[in-house]
Amino acid sequence: MGSFWGHLKTVTKHRTLVMVHCFKVGLIWRGLTHDLSKYSPTEFLAGVRYYQGTRSPNTADREANGYSLAWMHHKGRNKHHFEYWTDLRPGTREYTPVPMPTPYLVEMCMDRIAACKTYHGKDYKPTDPLEYLDRARESPLMHEETLRKTRFLLTMLAQRGERETFRFIRQHVLKGEDFARAPEEARN
């Protein structure tokens, strides 16, 4: 029974942090609707079964079964995960990443910050989300533009802190301004 309450508390704490962060940058609806699928039976019951409190239960599920049905359910319903943004490439019929629309990319950054805060607790540092991005080795699976923009925002967080990063997102990123251009784009 402890894993039920522990998982419920972890999910709710995470959602609350993402909501607060999204509100600070102006993504009210994204904050309100973030991760609601985690309360569905497919995701919640697996979360309880593999609950540890220090990392995502999907990781333990994947280790035990070779895949996580809960994760596949989650990423297919939540546009703030870059894994959602894949499509078949014409000609090759291979799945390939596509760029994430800005609101979902920003929500993904808020999600990563909140996840690090949730799992690291009082030991959280603003460098944690960037370090997780580097450690996770997601680069080949994420569209290069999405990765570049995510890295830009998480580097800003690591170097300048939450207040300045959230202000930048609110005043520039969500207003559609170009940011984090590739070096070759910046020269043109």
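The values are calculated or read from the model by the stated rules, or taken from the named source; none is laboratory data. Treat the numbers as computed from the prediction; the structure is a model and nothing was measured. Because the Cβ atoms are built from the backbone with ideal geometry, glycine has one as well, and the counts that use them run over all protein chains shown. Note: accessible area is taken over every heavy atom of the protein model, side chains too, but ligands, DNA and RNA are not part of it. Shrake-Rupley method; radii C 1.70, N 1.55, O 1.52, S 1.80 Å.
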Quiz prompt | Hits in segment 101-121 (condition: farther than 25 Å from Tyr51 by Cα and surrounded by fewer than 15 Cβ atoms within 10 Å (Cβ to Cβ)) | solution = Pro101
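The rows are residues; the columns are (1) under 12 Å from Glu107 (Cβ atoms); (2) hydrophobic (A, V, I, L, M, F, W, C).
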position	(1), (2)
Lys13	no, no
Val25	yes, yes
Pro41	no, no
Phe44	no, yes
Exercise. For Lys24, indicate whether it is touching a residue at least 24 places away in the same chain (Cβ under 8 Å) and either within 30 Å of Arg167 (Cβ to Cβ) or open to solvent by 50 Å² or more (accessible area, probe 1.4 Å) (or both).
Key: yes
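Of the residues that make up segment 80-100, is at least one of a type in the set (Val, Ile, Thr), open to solvent by less than 20 Å² (accessible area, probe 1.4 Å) and touching a helix residue (DSSP H, G or I) at 6+ places or on another chain (Cβ under 9 Å)? Write out each step before concluding.
Initial filter on segment 80-100 (of a type in the set (Val, Ile, Thr)): 86, 92, 96, 98.
Filter once more, so that each one left must be open to solvent by less than 20 Å² (accessible area, probe 1.4 Å): none.
Looking through segment 80-100, none of the residues is of a type in the set (Val, Ile, Thr), open to solvent by less than 20 Å² (accessible area, probe 1.4 Å) and touching a helix residue (DSSP H, G or I) at 6+ places or on another chain (Cβ under 9 Å).
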Self-check item: Unmet requirement for Thr54, which otherwise passes all of (1) at pLDDT below 95; (2) closer than 20 Å to Met110 by Cα; (3) hydroxyl-bearing (Ser, Thr, Tyr); (4) part of a helix (DSSP H, G or I)
Solution: (4)
Quiz prompt | Hits in segment 122-178 (condition: exposed (fewer than 15 other Cβ atoms within 10 Å of the Cβ) and of a type in the set (S, T, N, Q)) | solution = Thr127, Ser139, Gln159, Gln171
